[in-house]
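Here is the structure we will look at, set down as structure tokens.
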Amino acid sequence: MSSGLAALKRAARQEARLRLRAIPPEHMAEQSRAVCERVRAHPSFAACTGVAVYLPMVDGLELDTWPLVEAIFDSSSPKRVYVPKIEDGGHMRLLRATSLAELRALPANRWGCPEHTDEMAVALDDATLAGEMDLVIVPALMFAPATLMRLGRGKGFYDRFLARLDVARRERGLAPSFKLGVGFAEQMAEAVPAEAHDIRMDAIVSPVATCP
Ligand SMILES: Nc1nc2c(c(=O)[nH]1)N(C=O)[C@@H](CNc1ccc(C(=O)N[C@@H](CCC(=O)O)C(=O)O)cc1)CN2
Ligand SMILES: Nc1ncnc2c1ncn2[C@@H]1O[C@H](COP(=O)(O)OP(=O)(O)OP(=O)(O)O)[C@@H](O)[C@H]1O
């Protein structure tokens, strides 16, 4: 990556963290509920049979996806649910979860994200390889709804996972996954610095708008 772009990304991540820290907790909870409602109302949600969703970090500072996860498991027409697990070496696996209780009981990893432990995950396959998810709920530090681009946490986990997922789906004759970015109003920007490997979202949902 060119050092100019790296510096731009670094500065934009710092700006995003400042904005996130300034959101009152009750405003975060309210926005999270509104975004989860909008996701449930989106056509890609009704259409999907398998959803990849992150579980929010315990210390907050990102959109709370629990209202969405609870709604999926409460539904009479359940969908398959997959959650990320970070492996050594910077690889992200997606593991199928079979109940809300299973997810609720997951311990926090070193970054504060609820995640299966290595022992729990031993018998679980990486669902990415079978291309099982048709909808991916994508986190980011900042989004640009006008361009559908996102700025992640800088480790490339989602960019690499989304690329691998769609390769697996293509090999099976399946359409690409629908990539739905979710964030607080404070995380929406005019533009974000982007590189060739940064994967474009199909839609971005904030509490007040769904783009496109
Ligand atoms: N809830 C949740 N789960 C998720 C993600 C996420 O963004 N949110 N991820 C999305 O990719 C993956 C974990 N990705 C991470 C990527 C980078 C860092 C990281 O660099 N942490 C810093 C300190 C924290 C920070 O301010 O970002 C560090 O370790 O130095 C942490 C997690 C998978 N699970
Ligand atoms: N498809 C890919 N293949 C190989 N390397 C990649 C790919 N996507 C991203 N990377 C690498 O990952 C690192 C982080 O990329 P970047 O700064 O774009 O992360 P990010 O978009 O903030 O992270 P994330 O996607 O996890 O939210 C970079 O070194 C980049 O080269």
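The values are calculated or read from the model by the stated rules, or taken from the named source; none is laboratory data. The structure displayed is predicted, hence computed values, not measured ones. As a convention, Cβ positions derive from the backbone with ideal geometry for all residues, glycine included, and neighbour counts pool all protein chains shown. For the accessible areas, the whole protein counts, side chains as well, though only heavy atoms, and no ligand, DNA or RNA atoms are used. Shrake-Rupley method; radii C 1.70, N 1.55, O 1.52, S 1.80 Å.
On the given criteria, is PRO207 more than 13 Å from ligand 2 (Cβ to nearest atom), without any contact (Cβ under 8 Å) to a residue 60 or more places away in the chain, assigned to a loop (DSSP other than H, G, I, E, B) and within 17 Å of HIS42 (Cβ to Cβ)?
Considered against the rule, which asks whether it is more than 13 Å from ligand 2 (Cβ to nearest atom), without any contact (Cβ under 8 Å) to a residue 60 or more places away in the chain, assigned to a loop (DSSP other than H, G, I, E, B) and within 17 Å of HIS42 (Cβ to Cβ), PRO207 comes out as no.
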- Task: Filter region 164-185 down to residues that are touching a residue at least 40 places away in the same chain (Cβ under 8 Å), surrounded by fewer than 19 Cβ atoms within 10 Å (Cβ to Cβ) and either closer than 23 Å to SER32 by Cβ or within 11 Å of ligand 2 (Cβ to nearest atom) (or both), then give me how many there are.
- Result: 1
- Answer residue from region 71-92, given it is over 16 Å from the mean Cα position of the chain (by Cα) and away from ligand 1 (no atom under 14 Å from the Cβ) and is nearest to LEU141 (Cα to Cα) among those: ALA71
- Query: Scanning region 43-69 for residues that are in contact with a helix residue (DSSP H, G or I) (Cβ under 9 Å, 6 or more places away or on another chain) and more than 19 Å from ASP134 (Cα to Cα), which turns out nearest to ligand 2 (Cβ to nearest atom)?
  - Reply: GLU62
- Item | Qualifying residue in region 74-92 (condition: open to solvent by less than 50 Å² (accessible area, probe 1.4 Å), out of contact with any strand residue (DSSP E or B) (no Cβ under 7 Å at 6 or more places or on another chain), free of Cβ contacts under 8 Å to residues at least 60 places away in the same chain and away from ligand 2 (no atom under 15 Å from the Cβ)) | yes
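Conditions (1) of a type in the set (S, T, N, Q); (2) closer than 24 Å to ALA168 by Cβ, marked per residue:
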site: GLU26; (1), (2): no, no
site: SER44; (1), (2): yes, yes
site: GLY50; (1), (2): no, yes
site: TYR54; (1), (2): no, yes
site: ILE72; (1), (2): no, yes
site: SER77; (1), (2): yes, no
site: PRO84; (1), (2): no, yes
site: LEU100; (1), (2): no, no
- Considering only region 128-158, how many residues are part of a helix (DSSP H, G or I) and either free of Cβ contacts under 8 Å to residues at least 24 places away in the same chain or open to solvent by less than 20 Å² (accessible area, probe 1.4 Å) (or both)? 1
- Go through (1) within 16 Å of ligand 2 (Cβ to nearest atom); (2) open to solvent by 20 Å² or more (accessible area, probe 1.4 Å) and name the single condition MET120 misses. (1)
- Task: List every residue pair whose Cβ atoms lie under 8 Å apart, where the two residues are 6 or more positions apart in sequence or sit on different chains, the first residue falls within region 5-28 and is within 23 Å of GLU195 (Cα to Cα) and among the aliphatic types (A, V, I, L, M), and the second residue, located anywhere, is open to solvent by less than 60 Å² (accessible area, probe 1.4 Å) and part of a helix (DSSP H, G or I).
- Result: ALA16/GLN187
- Give region 93-116 a look and list any residue that's part of a loop (DSSP other than H, G, I, E, B) and either within 14 Å of ligand 1 (Cβ to nearest atom) or crowded, with 19+ Cβ neighbours inside 10 Å (or both), or say none. LEU106, PRO107, ASN109, ARG110, TRP111, GLY112, CYS113, GLU115, HIS116
- Task: Report, ordered by the first and then the second residue, all pairs with beta carbons closer than 8 Å, sequence separation of six or more or different chains, a first member in region 45-64 that is on the phi > 0 side of the Ramachandran plot, and a second member that is outside any strand (DSSP E or B) and within 10 Å of ligand 1 (Cβ to nearest atom).
- Result: LEU61/ARG17; LEU61/LEU20
- Message: Which of the numbered conditions does PRO193 fail, given that it passes all the others? Conditions: (1) of a type outside the set (Phe, Trp, Tyr); (2) open to solvent by 20 Å² or more (accessible area, probe 1.4 Å); (3) within 22 Å of MET57 (Cβ to Cβ).
- Response: (3)
